[in-house]
Amino acid sequence: MADQPRKSARPRGPAKGPAKGPARARFGAGGSGGFTSVDEQLRASLERGRFRRRHAGPSARPARKTGGRKEPATGAFSLTPAEAEVAERLQKVMARAGVASRRHSEELIRAGRVTVNGRVVTELGTKVVPGRDVIEVDGRPLGAPEEKVYVLVNKPKGYVTTLFDPQGRPKVIDLLGDQVAERVYPVGRLDYDTEGLVLLTNDGDLANALMHPAKQVKKTYIAKVRGVPGPGKIKQLQHGVELDDGPTAPAEVRVLEVRAPNSATLLIRIHEGRNRQVRRMCAAVGHEVIHLRRTALGPLQLGDLPVGEWRYLTDAEVKALYHAARLRPGGKPPAAKGARKRR
């Protein structure tokens, strides 16, 4: 990452745009996200033009014919072999169009608020052909998918990483102001009292892969703890400690600085994503965390980005994240070496 001058950090003030840095990275189209309320997310989607307007009267577009496909009462559609090659799950298509997160899209489907080719669908296993099937939510056709964007934020302490907070606390998304037109959302969580790296994107495939436990994408933290943990306690943290929700996986832990007898600074690298995990791990060995900062997500580094500032990722950084998540651009896992195509 090139070193360039940036504005001073203003964590509580109004956002004035990105810190000067690498050019904006955009890769195709896609995304999903999350709101506390499905209806709240739909309202936001309508305001941002995620749906095409349906015109009343004779000019309204009729429901598309299915070309002879059977439509079982369950809401699932049978597909021809050619259609099956390109078909995708309905909730995934909805999320990529920016309507709602994949999870909230599933709630909309179960509630009977989604139609495919004029027929109500309530089965989550339903597959559709993007660009061919007409998908409507509450009577409004889906618009085109958003362009993918990737934003790195240095979250200040005292901000939440949710898109809606009932308590009205500052949100990390507020730091972007109105500078990012696309509806981005945080990848994972960073607790209220922790500062550091947060990735915002509308790329649902990448976000899901980075958070999936099987991918084991590591997150790096710098933790200042009360007291000085000895070699035995460091080894406990490395091998895993018992928490109230089960033992932790092995972690990379090393001492960076010691200020005996009051405190020590540790580097902790984990691939799990439990709630307040680093703080609880340190507490389990008798050392309270005084200050915590996340500095890396897989290959993505926070660098010298000031607290409260943000920037777009470079193309190289996005490609590195896809590689770490074992994905190819487009959301598909890489083909296994030596794999043969079916005839």
Cross-link list Lys92/Lys157; Lys157/Lys235; Lys171/Lys219; Lys155/Lys235; Lys148/Lys171; Lys235/Lys319: which exceed 27 angstrom alpha carbon to alpha carbon? Lys92/Lys157; Lys157/Lys235; Lys155/Lys235; Lys235/Lys319
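If each residue's Cβ is checked for other Cβ atoms within 10 Å, how do Glu106, Glu147, Glu309 rank with the fewest at the top?
Details: Glu106 19, Glu147 14, Glu309 24.
The order, fewest Cβ neighbours first, is Glu147, Glu106, Glu309.
Quick note: the coordinates plus some simple rules give every number you see, no bench work behind them. Small disclaimer: the values here were computed from a predicted structure and weren't measured. Because the Cβ atoms are built from the backbone with ideal geometry, glycine has one as well, and the counts that use them run over all protein chains shown.
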